[in-house]
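What follows is calculated from the coordinates using simple rules that are stated; it is not laboratory data. Not measured: the values here are computed from a predicted model. Because the Cβ atoms are built from the backbone with ideal geometry, glycine has one as well, and the counts that use them run over all protein chains shown.
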């Protein structure tokens, strides 16, 4: 059966199962609306480490460890890890995952990395190249601020359009049907959900240069991928219980809804954004909401999959968004291109 669909999509012949997952989050995230749902939260955001970067590596290491334990598998049972982060040369991933000795594909999609890694992991399993794979990503408020904006000691003011980088890591153990059956037989329960479709995003650049308004920079990429998904799958917004972007925040959400309306799609009733859900905008002073690789990853693991498991939702389109800038490109006056990858996730 041909699995390619349209110009940029894949309809999987058989579901690739999310066997289990884990979420590790920071102190601010623990105080938010989803705080009680995370598998682990830190007593402080250093997580017992000497630097912010080491703390982010610890996030990934812990998330993978917890996910493997919950899925009832060992590191040697995993064919590949698909992982990345926001730091230069993905050092949080390199130092966080080296002890597992699992073949690694390092990926970078900025804040869309969770979607990209899930898509690649699902494709490798659906193609018969792996039986199980781990997909993991992370971000840390302090390491991201140092990487992309200003050192925390600078104490700069943030405009209301700015988002707050989530301190967190989400890890997902994917498997084929045989791996799912093996997990059930071992008494570790049922898979949390199944991945049934993928739409790969393209780079979209509207020439915006405001790194303090990332939602507006990424929204055009989300609109591009979402429109392509509807065309390729011949679907409509109401075919999904939720269409979930990663970290557009309040500003980007408004832009996306307006752009999709111009394209003839009303997504206002089903759209949800992880960056809006993870913080209490009234009390936590995060302005437009949350962002970062960890934002969509921990929200997917802790909240979205829970809704699918409990039957509150049956089918969602998970659409993390990424801003493809670096401090070098920003300092040289370049624009902020965006990208978004779509993953269809269904109740099993």
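Some observations on this one:
- Viscosity 1.567 mPa s, 4 °C: Kirkwood-radius Stokes-Einstein D of the chain over Cα pairs, µm²/s: 66
- Both the radius of gyration and Dmax for region 1-44 are 18.0, 50 Å, in that order, over alpha-carbon atoms.
- Potential lengthening between residue 7 and residue 212 on full extension [0.36 nm per residue; Cα-Cα distance subtracted]: 70.5 nm
- Fraction of antiparallel bridges per DSSP, region 196-346 only, in percent to nearest 5: 60
- Each peptide among 319-327, 169-177, 216-224 gets the average number of other Cβ atoms lying within 10 Å of its residues, and from highest to lowest they stand as 169-177, 216-224, 319-327.
- Quick note on region 128-273: its Rg to Rh ratio, both from C-alpha atoms and Rh being the Kirkwood radius, is 1.04.
- Spatially, region 248-306 and region 47-79 are offset by 26 Å when compared through their Cα centroids.
- Each DSSP beta bridge with both residues in the chain is either parallel or antiparallel, and the antiparallel ones are about 65%.
- Label separation (residue 283 vs residue 239): 4.0 nm, computed from points 7 Å beyond Cα along the C-beta direction.
- Label separation (residue 307 vs residue 202): 3.0 nm, computed from points 7 Å beyond Cα along the C-beta direction.
- Where both bridge residues fall in region 38-159, DSSP classifies roughly 0% of the beta bridges as antiparallel.
- The chain: calculated mean residue ellipticity at 222 nm from DSSP helix runs of at least 4, using -39500 (n - 2.57): -10000 deg cm²/dmol
- For region 157-221, alpha-carbon Rg relative to the globular expectation (2.2 N^0.38 Å, N residues): 1.81
- Taking a point 7 Å out from the Cα of residue 91 in the direction of its Cβ, the residues of region 296-340 whose backbone N falls within less than 20 Å of it are 325-331.
- Alpha-carbon geometry of region 14-185: the Rg and the Dmax are 16.3, 55 Å, given in that order.
- The radius of gyration of the Cα set in region 206-348, together with its Dmax, comes out at 15.0, 49 angstrom.
- Over region 162-252, relative contact order from alpha-carbon pairs under 8 Å, at least 6 apart, %: 29
- Pairwise FRET efficiency - residue 326 versus residue 188, Cβ, R0 = 41 Å, nearest 0.05: 0.50
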